[in-house]
Number of protein chains: 2
Amino acid sequence: MQISSRFTIAIHILACIDTFKNDYKVTSDFLAGSVNVNPVVIRRLLQQLKAAGIINVTRGSGGAEIAKPLSEITMLDIYKAVDSIENGELFHFHENPNKECPVGRNMHNVLDSKLEQVQRAMENEMGSITIQEIVEETKSFIQKEL
Amino acid sequence: MQISSRFTIAIHILACIDTFKNDYKVTSDFLAGSVNVNPVVIRRLLQQLKAAGIINVTRGSGGAEIAKPLSEITMLDIYKAVDSIENGELFHFHENPNKECPVGRNMHNVLDSKLEQVQRAMENEMGSITIQEIVEETKSFIQKEL
DNA sequence: CATAGATGTAACAACAAGAGTTACAACAAG
DNA sequence: CTTGTTGTAACTCTTGTTGTTACATCTATG
């Protein structure tokens, strides 16, 4: 199955917060408008991003802001913040291979390290892409429209 | 969400077919015994692996065999064969960002290439791991047990 | 200090994919 | 023709995602 859209929505959210920070109060309703989903979906994500120390959300008066330099936030940080996959394991292992079978009882031993290696390759790549890049590219695309 | 267990089961299946090819007729029931799932789950996977040219399955009399050298089968081949993710896209993009919003209407432009880059990193890593390695390592683990 | 406009969160419904199971037709080989 | 398989349809069960309503809580401000 695919990685939850929470991940791409979260990136979208951050791009919006930064882009509109000077011109609008960036509320969950505002963000919901840009992403085109229910505000509650946004609020849930804001909570996860906040818990990860990526943003601050002001209760009561409203609005979200980014908590640290964009260059210090990577796609990996967001990916982890929003629980894109269950308990950090990208691959779903079939639970109970037969312990009576020599192959069955050794599958985990053999595969765990390989799967981890693959997952790490993906996460490393994510770690190399910052939100700053994404925001800058977004701005350049917006420029081109004019 | 996680990548379907079809993937790890398929690897398990190949390891079994190779390991037991001289001593047993490797039927879907036999495999189901080692993996510990319903034989139909196995047969469905065998069909997908067969369609990808990785194995041959003999109808009627029964049994599966691997169709090409183990060193020419990578984790990536299996991953693709069993449709581990929907239509080849690892990331689920939220469908309808607001076209009225400059950020919303450019999100795809910006993210598509980044997400592809991440996915490719993962797939490249998968492509570098062969079933031969996996089978050899399995055998070495079985040796160690004695 | 009451209120307007937010957030925080619970609860639940709708939906989709994964995975398990039963059942049975098609087939191959003795 | 019988036996043991494969191939596949049809269904259920379960789980995670996503959408939605509802409401308590909070904060700035008039």
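With respect to the conditions (1) free of Cβ contacts under 8 Å to residues at least 24 places away in the same chain; (2) closer than 21 Å to B:Glu95 by Cα; (3) assigned to a helix (DSSP H, G or I), A:Met1 lacks only one, and its number is (3). Among the criteria (1) open to solvent by less than 60 Å² (accessible area, probe 1.4 Å); (2) in contact with a Leu (Cβ under 9 Å, 6 or more places away or on another chain), the one B:Glu89 does not fulfil is (1).
Yes or no, residue by residue, for (1) among the charged types (D, E, K, R); (2) in contact (Cβ under 8 Å) with a residue 60 or more places away in the chain:
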site: A:Gln48; (1), (2): no, no
site: A:Gly60; (1), (2): no, no
site: A:Ala67; (1), (2): no, no
site: A:Met75; (1), (2): no, yes
site: A:Val82; (1), (2): no, yes
site: A:Pro102; (1), (2): no, no
site: A:Met122; (1), (2): no, no
site: A:Glu125; (1), (2): yes, no
site: A:Ile129; (1), (2): no, no
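Looking only at region B:8-23, which residues are under 22 Å from A:Asn109 (Cβ atoms) and either facing chain A (nearest Cβ under 7 Å) or open to solvent by 40 Å² or more (accessible area, probe 1.4 Å) (or both)? Within region B:8-23, B:Thr8, B:Ile9, B:Ile11, B:His12, B:Ala15, B:Cys16, B:Thr19, B:Lys21, B:Asp23 meet the criteria.
I'd like to check something: does region B:109-119 contain any residue that is among the basic types (Lys, Arg), open to solvent by 20 Å² or more (accessible area, probe 1.4 Å) and either part of a helix (DSSP H, G or I) or free of Cβ contacts under 8 Å to residues at least 40 places away in the same chain (or both)? Checked against the condition, which is being among the basic types (Lys, Arg), open to solvent by 20 Å² or more (accessible area, probe 1.4 Å) and either part of a helix (DSSP H, G or I) or free of Cβ contacts under 8 Å to residues at least 40 places away in the same chain (or both), region B:109-119 yields no hits at all. Give the residue that is farthest from DNA strand C (Cβ to nearest atom), with candidates limited to residues of region A:25-41 that are open to solvent by less than 30 Å² (accessible area, probe 1.4 Å), under 15 Å from A:Arg6 (Cβ atoms) and within 11 Å of chain B (Cβ to nearest Cβ). Filtering region A:25-41 for residues that are open to solvent by less than 30 Å² (accessible area, probe 1.4 Å), under 15 Å from A:Arg6 (Cβ atoms) and within 11 Å of chain B (Cβ to nearest Cβ), the one farthest from DNA strand C (Cβ to nearest atom) comes out as A:Val35. Name the one entry in B:Asn87, B:Asn98 that is under 30 Å from A:Ile17 (Cβ atoms) and not small (Gly, Ala, Ser). Just a single option satisfies the conditions, and that option is B:Asn98. All of (1) of a type outside the set (Ser, Thr, Tyr); (2) open to solvent by less than 70 Å² (accessible area, probe 1.4 Å); (3) within 16 Å of DNA strand D (Cβ to nearest atom) hold for B:Arg59 with one exception: (2). Filtering region A:124-138 to residues that are buried (at least 17 other Cβ atoms within 10 Å of the Cβ) and part of a helix (DSSP H, G or I) leaves A:Glu125, A:Met126, A:Ile131, A:Ile134, A:Val135, A:Glu137, A:Thr138.
In the set (1) over 30 Å from B:Leu146 (Cα atoms); (2) open to solvent by less than 80 Å² (accessible area, probe 1.4 Å); (3) within 8 Å of another protein chain (Cβ to nearest Cβ), the condition left unmet by A:Lys68 is number (3). Return yes when B:Arg44 is within 14 Å of chain A (Cβ to nearest Cβ), near DNA strand D (Cβ under 6 Å from one of its atoms), surrounded by fewer than 17 Cβ atoms within 10 Å (Cβ to Cβ) and not hydroxyl-bearing (Ser, Thr, Tyr) and no when it is not. Yes; evaluated as a whole, the condition is true for this residue.
For (1) polar (S, T, N, Q); (2) at positive phi; (3) more than 13 Å from DNA strand C (Cβ to nearest atom), each residue gets a yes or a no:
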residue	(1), (2), (3)
A:Leu46	no, no, no
A:Ala51	no, no, no
A:Tyr79	no, no, yes
A:Asn87	yes, yes, yes
A:Phe93	no, no, no
A:Pro102	no, no, yes
A:Asp112	no, no, yes
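Given the criterion at pLDDT 95 or above, within 30 Å of B:Ser84 (Cα to Cα) and in contact with a strand residue (DSSP E or B) (Cβ under 6 Å, 6 or more places away or on another chain), identify the matching residue among A:Leu45, A:Leu49. Criteria check complete, one pass: A:Leu49.
Scanning region B:62-75 for residues that are more than 11 Å from DNA strand D (Cβ to nearest atom), under 19 Å from B:Arg44 (Cα atoms) and out of contact with any strand residue (DSSP E or B) (no Cβ under 6 Å at 6 or more places or on another chain) yields a total of 1.
The values are calculated or read from the model by the stated rules, or taken from the named source; none is laboratory data. This one's a predicted model, so the numbers in the text were calculated from it and none came from an experiment. No Cβ is skipped: glycine too gets one built from the backbone with ideal geometry, and neighbour counts run over all protein chains shown. Just the protein is used for accessible areas: all its heavy atoms, side chains included, with ligands, DNA and RNA removed. Shrake-Rupley method; radii C 1.70, N 1.55, O 1.52, S 1.80 Å.
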